[in-house]
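To start, the structure under review is shown below, and the notes come after it.
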Amino acid sequence: MLRKSTLFFAAFSALSSVFFLACNEKKNQTVEKEITLVMAEVNPAETIAGQMDQAFKAKVEELSGGKIKIDLQCAGILGDVDSVMALMLKPNSTIQIHRMSAVNLAMYGCKKSSLLSVPFTFSSKDHFWNFANSETGQEILNEPAEIGLGLKGLFYGEEGFRHFFSTKKIEKVEDFNSLNVRGTNDKAMQGLLAGFKANSVPVNYADLYVALQTGVIDAAEQPIANYLANHFNQVAPYMIFDGHTLGVMETIITLECWNSLTENQQNILIEAGKYASEFCRNLSKTEEDKVKEQLLKEGATLTDVKDIKPWQDAVSDVIKEGSAVDPDLYAEILSYAK
């Protein structure tokens, strides 16, 4: 009898311990401290990127009941891309989340992300979103963490196709010959400008307006919404719709911050990211027509490209070299056009 009692007591104690731990774990999951995450955005709040960020911020704060606050700083207040990345790649960064272009992320060793900026990769926006919502898209989002960069991809966005704008009219690819064009350091852009026989001139994004205004450069490239929001049309009133790349965006978070969050908090960021992506997709569909109309009202000259093949042929070596980073993965990306 004593043995049975002892066994019963031991069993009861064990069950009580499990119950206590379960309750304690549940308490830890539900009682979470209020946190504020700083998010950097180089573009103004009214751009597609800025509006996507605001949608993400609002959804995070809604889903968390205000316990997770996103301190969103737009218009490059926290610095340009390189300045923000320099902070995020260090321990105890004061910036936890950053919306950046995939082409910029490729410059930090993300080879898979570089495939997204190979010229003329995406045939349409639907092609991109088919990719973004696939396992292949998730694989590329995971790359920064896998290569030890200390960052994690959260979600995608797109700013529309990128086009060249200039201080003098451009109607065909031959018109780029000897033009001074703002070029970033990534291989895709350098190869693109070389193929067009243009001169690549390095200019910080924050200095782009003045560089066009003073004649340091003759042309640059941006999605159409950014072209208007930053008033580049005032100093470079000609835009040609060549659509050489899609403005693919990736929103990233430091792994240090991510790993400090509870599972519930992580899920909130993931769900908010899905919401922000869909918001961006819908916004991008309607925004460009409005922007075109406004640009025409402000006197900009907008030129369509009737035959894209000469443009593609001019950079065929760049496409071949860029896709050689991972030919199989690139083929997968192309397959989502179907």
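The lone criterion from (1) aliphatic (A, V, I, L, M); (2) closer than 18 Å to Gln54 by Cα; (3) surrounded by 20 or more Cβ atoms within 10 Å (Cβ to Cβ) left unmet by Leu246 is number (2). Exactly one residue out of Gly273, Gly299 is of a type outside the set (D, E, K, R) and under 30 Å from Met39 (Cβ atoms): that is Gly273.
Thr303 meets the conditions (1) of a type in the set (Ser, Thr, Tyr); (2) touching a Phe, Trp or Tyr at 6+ places or on another chain (Cβ under 8 Å); (3) within 15 Å of Phe120 (Cβ to Cβ) in every case but one. The failed one is (3).
Listed here are the residues, each with its yes/no results for (1) without any contact (Cβ under 8 Å) to a residue 60 or more places away in the chain; (2) open to solvent by 30 Å² or more (accessible area, probe 1.4 Å); (3) under 21 Å from the mean Cα position of the chain (by Cα).
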{"residue": "Thr262", "(1), (2), (3)": "no, yes, no"}
{"residue": "Glu271", "(1), (2), (3)": "no, yes, yes"}
{"residue": "Lys285", "(1), (2), (3)": "no, yes, yes"}
{"residue": "Glu293", "(1), (2), (3)": "yes, yes, no"}
{"residue": "Thr303", "(1), (2), (3)": "no, no, no"}
{"residue": "Lys306", "(1), (2), (3)": "yes, yes, no"}
{"residue": "Pro310", "(1), (2), (3)": "no, yes, no"}
{"residue": "Leu329", "(1), (2), (3)": "no, no, yes"}
{"residue": "Ala337", "(1), (2), (3)": "no, yes, yes"}
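Among the residues of region 192-205 satisfying the criterion of being assigned to a helix (DSSP H, G or I) and open to solvent by less than 20 Å² (accessible area, probe 1.4 Å), which is farthest from Phe120 (Cα to Cα)? Here the residue is Leu193.
Between Ile319, Ile252, the distinction of being assigned to a helix (DSSP H, G or I), more than 21 Å from Leu208 (Cβ to Cβ), aliphatic (A, V, I, L, M) and in contact (Cβ under 8 Å) with a residue 40 or more places away in the chain belongs to Ile319 only. In summary, Ala102 fulfils each of the numbered conditions (1) open to solvent by less than 10 Å² (accessible area, probe 1.4 Å); (2) modelled with pLDDT of 95 or more; (3) in contact with a helix residue (DSSP H, G or I) (Cβ under 9 Å, 6 or more places away or on another chain) with the single exception of condition (2).
The values are calculated or read from the model by the stated rules, or taken from the named source; none is laboratory data. Keep in mind that what you see is a predicted model, and the values were worked out from it rather than measured. Please note: Cβ atoms are built from the backbone with ideal geometry, for glycine as well, and neighbour counts cover all protein chains shown. Heads up: the accessible areas ignore ligands, DNA and RNA and are worked out on the full protein's heavy atoms, side chains in. Shrake-Rupley method; radii C 1.70, N 1.55, O 1.52, S 1.80 Å.
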